[in-house]
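Notes follow once the structure below has been shown.
Rule-based calculations on the coordinates, nothing more; no lab input. Remember, it's a predicted structure, so these values are computed and weren't measured experimentally. Cβ sites come from the backbone with ideal geometry, for glycine too, and all protein chains shown count toward neighbours.
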Amino acid sequence: MENHSVIIAGGGPGGLGVAATLEGWHPRFEGDYEFPSDDVQALAREHEQNPLALDQHVLLEQGHRPIEFFRMRHHPIQDAVPLDEWTLKFTKRNRADWLMLTTDGPGGLWNSVPREQMTLGPAHWMELSHYPIGKFYEQTGRNRDLNALVHREDLVPYYQAYAEELGLTPHIRSGIKVTSIKPADDDVAARFVVETVDQETGSETSYSCDHLVFGVGPRSVLRKLTARGTDQDYISFAYTHPDDYPGERILVIGGGRSADWAAQELHDAGRMVVYAMRQHPEGHLKLINDSRYLPYYRRWAEILAGGQERMGLLYGANVTAFEPDGVTAISTSEGPIQLQVDHVVVEIGGDPDYELLKSFDGNLTFHAKHDNFRFQLNQLVVDQATFESVDIPGLYPTGYTAQGTGLSVIGFHAACFLIAGDILRKLGAV
Ligand SMILES: Cc1cc2nc3c(=O)[nH]c(=O)nc-3n(C[C@H](O)[C@H](O)[C@H](O)COP(=O)(O)OP(=O)(O)OC[C@H]3O[C@@H](n4cnc5c(N)ncnc54)[C@H](O)[C@@H]3O)c2cc1C
């Protein structure tokens, strides 16, 4: 069985940051920086050449959040820091033995978001510090504002360039789905066995490792619509672009930000849209109002204020059946209705695939996370100094699946240093 010291499941921003650090890109602090706490400042100065060597439990015991130790250097102010003013730098050291297994390539779910999708926050919030997005813009001749939203056509190439620039690509196997993570039997000289299937050939392979970085992301299993007839060929279970759906009348089922995006884009492409969601108008209108800093929510406000001739909103609605020829049955607070449509787009989100861990004894401890970006998921509870799972020693949730991360990539990226630091200290490599 192929063995590695560390296996990283998932190639999203969460997994990539850990990979780069394990590849030997170790942070250091340089120049004129200042932490708000004198104690933290003293520790930072003492360890500035190799902060990964610092056991972050010291900070935790003093009442500080270890993830902030690195985040404050990456994002010391609200706006993006010009490249020549960074106090977070990197030293290239030896690589640890890591391998990434992932379905999508670098960039994770950004590979499959709608073709015109913009981020909900500025470019520098999406950045992984080892290779600044400003440097990527410069190197690829992109004239962009670091404080502006990013189009996926810039973001996915950025994450791909990150993998290339930092020498990660040879250790990333994409098109590989992890099907289970198990405790290794006594005859395997490792802690975990990772079972996988090649998505193209169907061939199954097992790997073993001592450290498992769990970065499968917030929607590795799509939620299922409980309605009759979901196998009708006029239904799509992910939205991409208006050109991908035939016909005039489109039913969008959802209610979160992704469904909002789909319904609006289809409407603005001239389609007749019926948008059905379970929630009641108050919840949806609050999201629209609270999100007016985003162009597409300002557009929503315009659509609602206008005649809405091509946008029918069905609140408190539950789609119960899809019949042949586009006939759909929907129960609403006013009673059941039937709609005749040309196509249906379902955007009801997903959840992290914790079933992958079902072979471990005992229950996993979860933290219910609800953020302003409308992410609602259960995160694995972790030691806040190392991001090691409190339930499964050697397992490190990364990205959105770990408790204690803040909003967005800016909120979780710094955890990669806590994870890699803990692994490298255990390996005696820092
Ligand atoms: C439409 C949309 C807009 C968003 N906008 C923003 C934004 O503006 N800012 C922001 O910070 N965040 C945004 N997000 C949140 C997004 O989740 C994060 O940007 C980020 O992608 C999360 O990183 P991750 O590494 O946790 O997971 P992901 O990006 O989801 O990456 C995990 C990857 O793991 C792989 N994987 C999953 N299951 C398996 C398996 N069984 N085996 C092997 N590989 C597997 C897949 O390739 C998956 O893509 C948005 C999300 C969506 C859907």
Worksheet item: Cα to Cα, under 28 Å, and not fewer than 8 places away if on the same chain: which lysines meet these conditions relative to K358?
Response: K177, K182, K224, K369, K426
Worksheet, complete the sentence: The local net charge around V188, scoring Lys/Arg +1 and Asp/Glu -1 for residues other than V188 whose Cβ lies under 14 Å from its Cβ, equals -4
Worksheet entry | Protection-proxy order for peptides 342-349, 60-67, each taking the mean of Cβ atoms within 10 Å per residue, highest first | 342-349, 60-67
Worksheet, complete the sentence: Net charge near A329 (other residues with Cβ under 9 Å of its Cβ; Lys, Arg +1; Asp, Glu -1) is 0
Worksheet entry | Reachable lysines, given that their alpha-carbon falls under 16 Å from the alpha-carbon of K135 and they are not under 8 places away in the same chain | K89
Worksheet entry | Within the range 224-348, percent of DSSP bridges classed antiparallel, to nearest 5 | 35
Worksheet item: For the residue pair K89 and S333, what label-to-label distance in nm results when each label sits 7 Å from Cα along the Cα-to-beta-carbon direction?
Response: 6.1
Worksheet item: Relative to the longest principal axis of the chain, what angle (0 to 90°, nearest 10) does the C-alpha long axis of helix 281-290 take?
Response: 50
Item to complete: Show me 3-11, 327-335 ranked by packing, highest mean number of other Cβ atoms within 10 Å first.
Response: 3-11, 327-335
Worksheet item: What is the distance, in nm, between label points placed 7 Å from the Cα along the Cα-to-Cβ direction at N143 and at R292?
Response: 3.3
Response to the item:
Taking a ≥ b ≥ c as the square roots of the eigenvalues of the Cα gyration tensor, with a/c under 1.5 meaning rounded and otherwise prolate when a/b exceeds b/c and oblate if not, the range 277-316 is oblate
Worksheet entry | At most 16 other Cβ within 10 Å, DSSP loop - trypsin sites (Lys or Arg not before Pro), the range 335-378 | K358, R374
Response to the item:
Taking Cα atoms, the helix 257-268 axis meets the longest principal axis of the chain at an angle in degrees (rounded to 10) of 50
Worksheet, complete the sentence: Ordering 416-424, 390-398, 195-203 by per-residue average of other C-beta atoms within 10 angstrom, highest first, gives 416-424, 390-398, 195-203
Worksheet entry | Rounded, prolate or oblate (a/c below 1.5 giving rounded, otherwise prolate when a/b exceeds b/c) for the range 218-269 by Cα gyration tensor | oblate
Response to the item:
Measuring from the longest principal axis of the C-alpha atoms of the chain, the long axis of helix 13-22 (C-alpha) lies at a number of degrees, nearest 10, equal to 20
Item to complete: Could you grab the relative contact order for the chain? Cα pairs under 8 Å, six or more apart, rounded to a whole percent.
Response: 21
